[in-house]
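Colleague: Structure provided below as structure tokens; questions to follow.
The values are calculated or read from the model by the stated rules, or taken from the named source; none is laboratory data. For clarity, every value in this text was computed on a predicted model and none was experimentally measured. Here the Cβ is made from the backbone with ideal geometry for all residues, glycine too, and neighbour counts use every protein chain on show. Protein only, heavy atoms only, side chains kept; ligands, DNA and RNA dropped before computing areas. Shrake-Rupley method; radii C 1.70, N 1.55, O 1.52, S 1.80 Å.
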Amino acid sequence: MQGMVVGRLLRKKPFSSSTALKSRAFRVTKAPSLLDLDLPDIWSSNPTETTNHHLPLRRNGEGSDQIAAVIDGKSIADEIRSGIAGEVRRMKHSIGKVPGLAVVLVGQRRDSQTYVRNKITACEEVGITSLLEELSDDCGEDEVLNAVLNFNDNPSVHGILVQLPLPQHMDEEKILNAVSLEKDVDGFHPLNIGNLAMRGREPLFIPCTPKGCIELLVRSGVEIMGKKAAVIGRSNVVGLPISLLLQRHHATVTLLHAFTKNPEEITREADIVVSAVGVANLVRGSWLKPGAVVIDVGTNPVEL
């Protein structure tokens, strides 16, 4: 991940188990395929008819008092990693191979080093092979491109991550575009982003932090379809792809940025708020309406 995901959930009391058994929709515990989400836009003079679709998403209970709760991201991550570890073991048993992830790290940024260290640790926990190419801040752009191309040609490498941000003297777009489409596990290739944006298509890979946000919402039983969502930040890494993902899940999305007027008023109308600008304490309690779900993307040092 380029950033860490922390969730805070302000919602109603959980639905009862008897309610959950009434429909298959309540038993889904992870985000479905994007193609499974495709629904025709059939407009009706009756708004309830237009939006009364049934998707495999769990719903919260109705008519209960509002309470504050925290999305337990750690337990969700543990659940996902456990499932991946089982898949890797089955792969190794059936074909004698395991996935390989290569990371290119340029420079000595502490946050980047922390992210890369976490990625390598996660690989070790689930049985994925990891390779790390570390380069200095003052290395040439050609050295980074050569590292990427070598990993492209390495058959034991199935995914390549170029840790961002890169030093300012480098052409980030050129380097990211050099990553093989089939190994672009960060989902930054124009074809992957383009397929994410287009209905009826599915990218080979989805940017990991936005995908993590969706998994937090779905696995916590948050209904996305038909809800108002406010995404604060429009970066290519998080803001843009999470807005596209929320739209694919049939939310009505507003994308806020540094030039948005009255952002607090817009945010206060949202059922789901995703803050992805790397600014601590930007979203205040007064920006949120009761029952809103908040996902905070990023890690910020705060003086105590």
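Colleague: If you filter segment 171-226 for trypsin sites (Lys or Arg not before Pro), then keep DSSP loop positions with at most 14 other Cβ within 10 Å, what is left?
Modeller: Arg199, Arg201
Colleague: Under the 0.36 nm per residue contour assumption, what length would be gained going from the current alpha-carbon distance of Ser82 and Val279 to full extension?
Modeller: 67.7 nm
Colleague: Can you tally the net charge around Lys97? Count Lys and Arg as +1, Asp and Glu as -1, for every other residue whose Cβ sits under 13 Å from the Cβ of Lys97.
Modeller: Summing Lys/Arg as +1 and Asp/Glu as -1 gives +2.
Colleague: Between segment 102-156 and segment 263-298, how many Å separate their Cα centres?
Modeller: 33 Å
Colleague: Moving on. Karplus couplings for segment 174-182 from phi (6.51 cos²θ - 1.76 cosθ + 1.60, θ = phi - 60°), rounded to Hz, Gly and Pro as x?
Modeller: Running phi through 6.51 cos²θ - 1.76 cosθ + 1.60 with θ = phi - 60° gives 4, 5, 5, 5, 6, 5, 4, 4, 6 Hz.
Colleague: Would you mind working out the accessible area per residue for segment 189-250, using a 1.4 Å probe, and quoting it in Å²? Please report the intermediate quantities before stating the final value.
Modeller: Values: 2190 Å² over 62 residues.
With all protein chains present, segment 189-250 gives 35 Å² per residue.
Colleague: Heavy atoms only, probe 1.4 Å: what % of the accessible area of segment 164-304 goes to carbon and sulfur, would you let me know?
Modeller: Result for segment 164-304: 52 percent of the exposed heavy-atom area is carbon or sulfur.
Colleague: Are there GluC sites (Glu not before Pro) in segment 71-150 that DSSP marks as loop and that have at most 13 other Cβ atoms within 10 Å, and which are they?
Modeller: Details: sites: Glu79, Glu87, Glu124, Glu125, Glu133, Glu134, Glu141, Glu143; in loops: none.
When the GluC sites (Glu not before Pro) of segment 71-150 are filtered for loop state and at most 13 Cβ neighbours within 10 Å, nothing remains.
Colleague: Can you tell me the relative contact order of segment 192-304? Whole percent, Cα pairs under 8 Å, sequence separation 6 or more. Before the final figure, lay out each step's value.
Modeller: Working: 176 pairs, mean separation 25.7, N = 113.
For segment 192-304, the relative contact order is 23 percent.
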